[in-house]
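The values are calculated or read from the model by the stated rules, or taken from the named source; none is laboratory data. Please read these numbers as outputs of a predicted model, since none were measured by experiment. Positions of Cβ are backbone-derived with ideal geometry, glycine not excepted, and every protein chain shown enters the neighbour counts. Side chains are part of the model used for accessible areas, which takes the heavy atoms of the whole protein and leaves out ligands, DNA and RNA. Shrake-Rupley method; radii C 1.70, N 1.55, O 1.52, S 1.80 Å.
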Amino acid sequence: MMRKTFLAAAAAPALLAAAMPTAALAHAGHDTGSFMSGMMHPVGGLDHVLAMVAVGLWAAQTGGRAIWAAPLAFVGAMLAGGSLGMAGVGFPAVEPMILASIVILGAAVALAVRVPLAPALAVIALFGVAHGHAHGAEGPATGMAAYGLGFALATAALHGAGLALGFGLARLAGSVRLLGLGAAGAGLALAIAG
């Protein structure tokens with residue numbers, strides 16, 4: 001039952017994205033191609049923080065190879081999406097997809113969803129591309145290598161924070177799931193506010 005619930009939710013990002021408002025969640029002040037500008041970009045928006053921490057929470061909750069594979073899939077796909085955004089390649093409904101990532105990843109944590117790793121990584125990578133596209137599109141015209149390294153490391157740190165929270169709270173029954181519920185709720189609130 002949980003697998004079907006997750007797969008249905010994972011197959012629906014496009015539907016969720018289409019249903020959500022296209023509020024601009026852009027982060028101002030990232031016009032320099034510096035490492036520090038890249039480091040600040042992911043932490044400059046609640047939408048990015050919530051999704052990236054949720055990836056870490058889900059990975060901690062799932063355990064095994066997901067501990068390293070989920071963050072790696074997100075960061076790798078994010079870098080690819082960043083390249084697309086920087087090149088000016090369009091990504092339909094990128095902001096609604098980012099909001100959908102918060103809701104779906106938060107719900108996966110809240111429901112303690114267990115699915116095979118491959119489909120989970122595919123969904124995480126899809127969301128990584130969306131987040132990366134936003135970073136690249138909002139990034140600098142020059143100095144993208146330093147900027148990209150900065151936002152990749154900051155993203156990995158946010159995944160690490162989610163992992164640490166997940167492992168640290170694992171002994172408190174239900175607390176990791178409550179964080180997932182909070183992330184999903186915050187994603188819905190961001191979508192409604194937009």
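If you check A189, A120, which single one turns out to be free of Cβ contacts under 8 Å to residues at least 24 places away in the same chain and in a helix (DSSP H, G or I)?
A189
Select, from A107, A130, the only residue that is of a type outside the set (D, E, K, R) and either over 13 Å from the mean Cα position of the chain (by Cα) or over 25 Å from G33 (Cβ atoms) (or both).
None of the other options fit; the residue is A107.
With of a type outside the set (S, T, N, Q) and open to solvent by 40 Å² or more (accessible area, probe 1.4 Å) as the only criterion, which of G194, G150, G132 stands out?
From the options G194, G150, G132, the qualifying one is G194.
Could you please find all residues in segment 74-128 being buried (at least 22 other Cβ atoms within 10 Å of the Cβ) and in contact with a Pro (Cβ under 7 Å, 6 or more places away or on another chain)?
The answer is M97, A100, I104.
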